[in-house]
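In what follows, a single structure is set out as structure tokens and then discussed.
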Ligand SMILES: Nc1ncnc2c1ncn2[C@@H]1O[C@H](COP(=O)(O)OP(=O)(O)OP(=O)(O)O)[C@@H](O)[C@H]1O
Ligand SMILES: [Mg+2]
């Protein structure tokens, strides 16, 4: 797939993206609030992904920015100018809809050329541009077909080509790769990234695919029940989730229930509920049950007890070869199973083996009973732990 997007001069006089500001956005359908007060600043030329489960309000927010939905409260601005009730076509944003929304009576080529015709380009130029962007999405050979003669994934690629054909300042995409198979999805992810660098448009992309969000975005906004739960760089969201919801939405996570035992001098000793194994947590933790989360790839499995980090004695219940890694299911006595992934090439462990699962305190997050971040600063636990290295 080609990445040489700028084969033709840009249609936009001032190339570069628009800055989008959303303030206090509320959208109601009857008594149901689909958006419950969303604030969002998207920088010029930024690639922002709205990530969230089904029904969290992603499409509603995107459609409000596009002008297809009218907010009940709040305001949306483009470069400090309120968009108010400006109709969608006057906003001049490129849009890839969740349901492809192609013109059924136009061919693939005519669909992609359509926004260029609306903008008054001559036939030869709009044909050349449309063909170029059909090349980008690998559909030149399908240019004479009607949308009804295409698969869902192909229709989505036509929709993408149509949205980028006139190189808009703001490109809004609702699950643009949702219907594609894995190979095409990955290939188009890289192409969209390359396209973004070329045209420097501001891109807002909706997805519920965490890999897509992590690989394409400058920043990710995680949505939950009509609100933005956390916004930040992909690596920050992944490594420092502020809520249990965010932690479990992005990647696989182990949760351990811990209970504060004693607290003094800013250190709380906590006990892993099922096994009784203990370690220290910086800060004064109160209440009863709390949750500690740790990613599978941050856990080390060893025969010997490690000097540093939090260590739990576990038994390997099963292991699966995944190509570039091994995935172990490890059982804490009378307690939960934790998942550990280890790169291929290191030590392997047999099913049934008794080993130590050790993880650095810095890669854990602690959540309170409401699933909110309680403390992410953990001390070196071995100085405080009891039952250290106890085998099951
Ligand atoms: N026209 C409508 N009338 C009533 N409720 C609606 C309408 N459109 C959306 N909703 C509701 O608003 C909530 C948010 O919908 P939205 O389409 O924004 O979700 P989404 O995050 O895009 O989900 P998905 O990933 O399934 O596309 C959902 O609970 C949905 O049922
Ligand atoms: Mg949606």
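What FRET efficiency would be calculated for the residue pair residue 186, residue 81, taking the C-beta separation as r and a Förster radius of 30 Å, to the nearest 0.05?
For residue 186 and residue 81, the calculated efficiency is 0.20.
If r is the Cβ-Cβ distance from residue 198 to residue 31 and R0 is 35 Å, what FRET efficiency results, to the nearest 0.05?
Approximately 0.20, to the nearest 0.05.
Just from its helices, what would the mean residue ellipticity at 222 nm be for the chain, if runs of 4 or more DSSP H residues each count -39500 (n - 2.57) and the sum is divided by every residue, rounded to the nearest 500 deg cm²/dmol? Present the calculation step by step, with values, prior to reporting the outcome.
Working: 9 runs with 88 residues, N = 392.
Calculated mean residue ellipticity at 222 nm is -6500 deg cm²/dmol.
How far is helix 152-164 tilted, in degrees, relative to the longest principal axis of the Cα atoms in the chain, given as a value from 0 to 90 rounded to the nearest 10?
70
Take peptides 315-326, 197-208, 167-178, 130-141 and line them up by average Cβ neighbours within 10 Å, highest first, as a rough protection proxy.
Details: 315-326: 13.5, 197-208: 21.6, 167-178: 23.2, 130-141: 20.1.
Descending packing order for the listed peptides: 167-178, 197-208, 130-141, 315-326.
Calculated FRET efficiency, residue 297 and residue 117, Cβ-Cβ r, R0 41 Å, to nearest 0.05?
About 0.25, to the nearest 0.05.
Once you have the Cα-Cα distance between residue 90 and residue 218, take 0.36 nm times their residue separation minus that, and quote the gain in nm to one decimal.
Values: separation 128, 0.36 × 128 = 46.08 nm, distance 2.70 nm.
In short, 43.4 nm is gained.
Ratio to report: Rg/Rh of the chain, with Cα atoms as the point set and Rh obtained by the Kirkwood method; give two decimals.
The Rg/Rh ratio comes out at 1.07.
Computed over the Cα atoms of segment 20-242, what is the convex hull's projected area averaged over all directions, in nm²? Walk me through the intermediate numbers first.
On the way: hull surface 49.1 nm².
It is 12.3 nm².
Helix 108-118 sits at what angle to the longest principal axis of the chain, using alpha carbons and giving 0 to 90 degrees rounded to 10?
The angle comes out at about 70 degrees.
Given Cα pairs under 8 Å that are at least 6 residues apart, what percent is the relative contact order of segment 20-242?
Worked out over segment 20-242, it gives 29 percent.
How far is helix 123-136 tilted, in degrees, relative to the longest principal axis of the Cα atoms in the chain, given as a value from 0 to 90 rounded to the nearest 10?
20
Take residue 99 and residue 240, extend 7 Å from each Cα along the Cα→Cβ direction, and tell me the distance between the two endpoints in nm.
For residue 99 paired with residue 240, the spin-label model returns 4.2 nm.
Kindly provide log₁₀ I(q)/I(0) values, in the same order as q = 0.16 Å⁻¹, from the Debye equation applied to equal alpha-carbon scatterers of segment 21-94.
Computed log10 I(q)/I(0) values: -0.55.
Rounded to a whole number of µm²/s, how large is the Stokes-Einstein D of segment 252-383 at 10 °C and 1.306 mPa s, given Rh as the Kirkwood radius over C-alpha pairs?
Translational diffusion coefficient: 106 µm²/s.
Computed from the coordinates by the stated procedures, all read-outs in this text should not be read as laboratory data. Please read all numbers here as calculations on a predicted model, not as lab measurements. A quick note on method: Cβ atoms are made from the backbone with ideal geometry, for glycine too, and the neighbour counts reach across all protein chains shown.
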